[in-house]
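To keep things clear, I will list the structure first and then write my remarks on it.
What follows is calculated from the coordinates using simple rules that are stated; it is not laboratory data. Fair warning: this is a prediction, and the values are worked out from it, not measured in the lab. Heads up, the Cβs are rebuilt from the backbone with ideal geometry, glycines too, and the neighbour counts pull from every protein chain shown.
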Ligand SMILES: *Cc1c(COP(=O)(O)O)cnc(C)c1O
C-alpha cells in the first residue's frame, strides 16, 4: 500500500503504476478500455497456495478455476507455476489444450456436460472429470465403454451450507443446480454406482461452497459434513477417499470494506480440520485439492478507462461516463458488485469531490461505481478500477456492438499485449448478408 491506501504505487508524475509501468503510458500505447495484469501478483497468489501445502507436507493439487480468466497467456503462467486447472466447457478445455497445458492436470466441471465435451476430455486423457449428476454417469459410462478407456472421477456433492454472500453466487446450498445431494442419499447412490465401475475410477468427493468467502469456518463446516458422510461409507463399504476437493471461493479485496484473510490461512485451517477428522477416524490422509479462481487473478488485474462526458445534477450527484462498462465488467450490473477506483493521472491529488462512474451502454443499470471520492474529474482523465482480474474479461460481451477490450500483461518493467482488442470486422464476422 502507498498513497491513499492504494494497492499499487504512484510515480513522480502523480501517475498510478502497475508492475513498474506508468498506467497513463499504457493507456496511450494500447488505448482504452484496457485490462492490465501484474503477472508477478498472479505468481505470488499461486505460490501462496502451493507453498503452504508443501510446508504442511500435504499431497495436493491447486487447480486454477479458469472461468475466472481464461486465455492462452494466463494459462501458460498458471502452467509455469505448477498448478492444475479446472475447465467447465469445451471452449475452456480447447483453450487449455492450445496453451499447452498438460492434459493430466486438467479437470472438467459442469452441470450439463455435453457428449462433445466429454468426448474431447476422454480423447485427450484429461486428469479428472467431476461428475455432477446421474445423466452424466450414463453418458460417461457409454463413451468410455465405446472407447475402452478409463478415467478418474470425483463426484460433486452439495453439503447444504448457507452462504452469507450474494445469493447468485451461492452454490453449496441444498436447493442447487449443482451436484448430488448428501442429505437425501443421492450422493451415496452415485457412489454405489461408481465404486466398482469397469471404466470409471472413483477417486473421491468434490464440493464448492460459494464465492468471495472470508470465513474459514465455512470451509471447516464443509469438511465436517463430508466426513460425516464418509464415516457412513466407511462403515458400510470399508471405503476411504483418495482425494477430497473443497473447491474455490477464497475472498479478495474489492473495496476497503472487504477483509480477506491471507491465502495461506485458508489452506492451513482446511488442512488442520481434515487432519483432525483423519486422526479421529484412523483414515489415511487423502490428497487435498482446491480450486481458487478469483483469488489467483482478481487482485492482479486493473481496468483503465478514459473519462468522456461528465454531468452535474446539482444537489443530487455528479456522473462521469467512461468508454466501457457492463461490456467489460458485468459484475456490478449482474449482482451489484462493488469496486474501488482512482483517477490514475491524478493519483497524488486529494480527493475533494465525489463522482459516480457510468458505463456507456444503453442501460441505466450500467454503472461501475457509485459515490467514489476523487479529485475534480475532467474529460480525458484516465480512471483505473482495481481488482478486475477475475470475471472481467471472462464475462465480457458485445452488447451495443462494443468490441471486447485488449489485455496487457506487465512483469519486470515490460509490457506485452496478450489479447488483442476486437475490431469491428470481428464484430460482424459471423453475420451473413440477407440481400
Ligand atoms: C467458480 C468455481 C470455482 C472458483 O471460484 P472462485 O470464487 O473464483 O475462487 C471453483 N470451483 C468451482 C466448482 C466453481 O464453480
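The table for this structure:
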quantity: Per-residue Cβ neighbour rank within 10 angstrom, fewest leading, 228, 403, 364; calculated: 364, 228, 403
quantity: Packing-based order for 413-420, 325-332, using average beta carbon neighbours within 10 Å, highest first; calculated: 325-332, 413-420
quantity: Cα centroid of the stretch 61-99 to Cα centroid of the stretch 105-161, whole Å; calculated: 17 Å
quantity: Nearest 10 degrees, 0 to 90: helix 216-237 Cα axis against the chain principal axis; calculated: 20 degrees
quantity: Mean Cβ neighbour count within 10 Å, used as a protection proxy, ranking 390-401, 38-49, 256-267 highest first; calculated: 38-49, 390-401, 256-267
quantity: Fewest-first sequence of 254, 239 by Cβ atoms within 10 Å of each Cβ; calculated: 239, 254
quantity: With Cα atoms, 0 to 90° folded angle of helix 39-55 axis to the chain main axis; calculated: 30 degrees
quantity: Taking 23, 221 and counting other C-beta atoms within 10 Å, the order from fewest to most; calculated: 221, 23
quantity: Per-q log10 I(q)/I(0), the chain, q = 0.08 Å⁻¹ (Debye; single scatterer per alpha-carbon; no solvent); calculated: -0.49
quantity: Antiparallel content of DSSP bridges confined to the stretch 251-364, in %, to 5; calculated: 60 percent
quantity: Alpha-carbon gyration tensor eigenvalues x 5, square-rooted, for the stretch 52-129, Å; calculated: 22, 14, 11
quantity: The stretch 312-341 and the stretch 215-268: distance between their alpha carbon centers, rounded to Å; calculated: 35 Å
quantity: Share, in percent, of DSSP beta bridges within the chain that are antiparallel, nearest 5; calculated: 45 percent
quantity: Listed residues 371, 238, 217, most fluctuating in the chain (Gaussian network, C-alpha, under 10 Å); calculated: 238
quantity: 0 to 90° range, to nearest 10: angle between helix 134-147 axis and the chain longest Cα axis; calculated: 70 degrees
quantity: Relative contact order for the chain, counting Cα pairs under 8 Å that sit 6 or more residues apart, in percent; calculated: 19 percent
quantity: Among 388, 158, 255: highest mean-square fluctuation, GNM of the chain, C-alpha pairs under 10 Å; calculated: 255
quantity: Label-point separation, residue 370 to residue 334 (7 Å along Cα→Cβ), nm; calculated: 2.0 nm
